[in-house]
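Before any comments, here is the structure.
The values are calculated or read from the model by the stated rules, or taken from the named source; none is laboratory data. Predicted model only: the values in this text are computed from it and were never measured. For neighbour counting, all protein chains shown are included, and Cβ atoms are generated from backbone atoms with ideal geometry for every residue, glycine included. Only protein heavy atoms, including side chains, enter the accessible area calculation; ligands, DNA and RNA are left aside. Shrake-Rupley method; radii C 1.70, N 1.55, O 1.52, S 1.80 Å.
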Amino acid sequence: MGRYLSIFLCCARACLVRDMTFRANFLLECLTSVGWMSMNLAFYLLVFTFTSEIGRNTGWTREPFFAFVATGLIINAIVQAFFMPSAEELTEMVRTGGLDGVLVQPLDAQFLLSMHRFDFSSLANGFVGIGLLVWALLRMEHAPPPIAWLLYPLTILCGVAILYSLIVMLAAATILMGRNQSLYDFWFYLTNFSRYPAEIYAGPWGSPLRALCTFVIPILLVVNVPARVIAQPFAGQTWGWVAAAIVAAGGALVLSRVIFQAALAKYRSASS
Amino acid sequence: MYDKPEGLFSSISGLFHRTSRVVEALKGVDLTVEKGEFVALLGPNGAGKTTFLKLLSGIITPTRGEARVLGAVPWQRTDDFRRRFALVMGQRNQLWWDLPAAESFRLHKEIYRLEPARFERTRDELVDLLGVRKLLLQPVRDLSLGERMKLELVAALLHEPEVLFLDEPTIGLDVVAQHSLHRFLAKVQAERQMTVVLTTHYMKDVAALCKRVVVITHGSILYDGSLEQIVDRFTSHKIVTLDLDGPPAEERLKRLGFPYEIRGPQVILRIDRTRIADVLPEILRGESVRDVSVEDVPLEEIVAELFRSEAGQAPAGSQR
């Protein structure tokens, strides 16, 4: 475990050195990222000039909702910074045979393939998310209890684990297909569902979608659970959400591992 | 393998129905390499050389058959096995592109769990041997192909592998860089008693480094033996070059009955190797000769001829 941590840190260090080498690019990426996020926040502020709550009696009033958005920003920043760049590069590695070099190294291939490239500029959104969370929590009517503070990082980790598993499964599809350039697009479509409170998925279309995104592809648990833990009054029902997030994260990790290993066994390499 | 017919219509119909064919990249290959051997795998493009190296290094899994490298089944990809060999591919870059090679070496040290003192000692030894110390802090993308290949080799040898697979390491390199790599590889292999399997298209690599040559065509072994034996076994003649003072007497050359070629003041004859001693005095008697040389047929020529022959028509006894 210590060895994997030191390799992780070594890769992180090398990526930071690389990012600093192209500092203009780094700053531009930070600015683009923060700019896009600011536009989203402005849009939500605009929405709250017309309504005081998302849905009816959902509890997602302005401040809790911004805590929800902040939680999403933090989770996405972690995933975009630490896992997505490697997955995006994998497509090219499979197509050009660059994956060969990884497979001969005495290390878990999934680890190296999913965590060797980092994009630190994506963390900019995470820092803004932390600021937004503090701002929202200070203005909320109820303060989160100590148990919420304990469960919040845990459920954030569960959310990251679910998204990481999805990335790994999409990456496995890349290995099987030889080329999967729509990986990022597909990822974006999927994660789009996680960006809003589960309560909005109601009615004849919403309910099946909610069931699908909770039990089949547990994308709705990613942000909803930690956000609910920190931004909604802590009740018995919250424990059910937390348990669901833990089970979904564990199941997703196991499933993604199985799929990735099966895909690697089918790897044919590219001609040189 | 998917057979993609030409044209737009075929591409559209290919979305619904595809025809594929089975390509046997390797078949019936039976090879044993002893510890400390330096073996060259030769073959035309598509012969299966790189596939063979990929199998031996566990990158791909065969549909059937067995292989053991250092006692391990390569495609089981155990960490213990992967710590004991290295693969260098001349057409692939394994160093971090935007960073100096020193950063890749540092990562390598972590991956292979190298003790810091041992890592530094090996690295310094290798970079000094190749004369690339000043390149360590230069981003890899700014290096020439030859410089990059030298650093790729350093990275591959940092963990002191027992087996080294080299896939066309000198491809695209100039003569100076090739020569430098030859000297380096010969020295390191001899010192470490490392087992090396090399694929190449350059006969100079083979002549400089390998005693044993394996020729693969169509996924099968066509020849397995020493470099010298290739010459003895697959050519029946030698090349005699005469450097003349005046124009050659063509009538006399025709009478000798050997194939010949006139290049300015030079005459190049292909003479049966068993008759050289009888024929040479006769040739020299009738001409005003400034210089004469008797050489084997160039290796490139022999191997090219070998590649042209079908795998099934290999001369009897050429396989080990």
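Things to note:
- For the pair A:W135 and A:L31, a Förster radius of 22 Å applied to the C-beta separation gives a FRET efficiency near 0.55, rounded to the nearest 0.05.
- Ordered by 1.4 Å accessible area with all protein chains kept, B:D30, B:D174 run largest first as B:D30, B:D174.
- Packing-based order for A:69-82, A:33-46, A:247-260, using average beta carbon neighbours within 10 Å, highest first: A:69-82, A:247-260, A:33-46
- Between segment B:128-167 and segment A:20-57, the alpha-carbon center distance in angstrom: 45
- Gain on full stretching of the segment that runs from B:R18 to B:K134 - 0.36 nm per residue minus C-alpha separation: 36.4 nm
- Counting Cβ atoms of other protein chains within 10 Å of each residue's Cβ and taking the mean over peptide B:108-115 gives 4.
- In the protein assembly as shown, the DSSP-assigned H stretches of four residues or longer account for a calculated mean residue ellipticity at 222 nm of -17000 deg cm²/dmol, using -39500 (n - 2.57) per stretch and the full residue count as denominator.
- The relative contact order of chain A comes to 26 percent, based on Cα pairs under 8 Å that sit 6 or more residues apart.
- Put simply, chains A and B cover up around 2600 Å² of each other's accessible surface, both sides summed, when a 1.4 Å probe is used.
- Taking 0.36 nm per residue of separation and subtracting the current Cα-Cα distance, fully stretching the chain between B:D98 and B:E162 would add 20.1 nm.
- Three principal axis extents describe the C-alpha atoms of segment B:88-215; from largest down they are 39, 30, 21 Å.
- Hydrodynamic analysis of the protein assembly as shown uses the Kirkwood radius over alpha carbon pairs. Inserted into Stokes-Einstein at 25 °C and 0.890 mPa s, it gives a translational diffusion coefficient of 86 µm²/s.
- Between B:E66 and B:D124, full extension at 0.36 nm per residue minus the direct alpha carbon distance yields a gain of 17.0 nm.
- Residue-averaged beta-carbon neighbours from other chains (10 angstrom radius) around A:104-116: 4
- Solvent exposure, largest accessible area first (probe 1.4 Å, DNA, RNA and ligands not counted), of A:M84, A:M115, A:M1: A:M1, A:M115, A:M84
- Average partner coverage of B:95-106, which counts Cβ from other chains inside 10 Å: 3
- Area accessible to solvent at B:V176, 1.4 Å probe radius, in Å²: 110
- Cross-link reach is defined here as a Cα-Cα straight distance under 18 Å, omitting same-chain residues fewer than 8 places apart; for B:K211 the aspartates and glutamates meeting it are B:E34, B:E37, B:D167, B:E168, B:E191, B:D224, B:E228, B:D232, B:D296, B:E300.
- Helical segments meeting 24 Å axial Cα length and Kyte-Doolittle -0.5 threshold in chain B (DSSP H): B:175-192
- Couplings 3J(HN,Hα) for segment A:54-61, derived from phi with the Karplus relation 6.51 cos²θ - 1.76 cosθ + 1.60 (θ = phi - 60°), are 7, x, 10, 6, 8, x, 8, 7 Hz, where x marks Gly and Pro.
- Measuring only protein heavy atoms, the 1.4 Å probe finds A:R3 accessible over about 40 Å².
- The phi-based Karplus calculation (6.51 cos²θ - 1.76 cosθ + 1.60; θ = phi - 60°) puts the 3J(HN,Hα) values of segment B:33-43 at 10, 7, 4, x, 7, 10, 10, 9, 9, 10, x Hz, whole numbers, x for Gly and Pro.
- Highest mean first, the peptides A:236-243, B:41-48 sorted by other C-beta atoms within 10 Å per residue fall in the order B:41-48, A:236-243.
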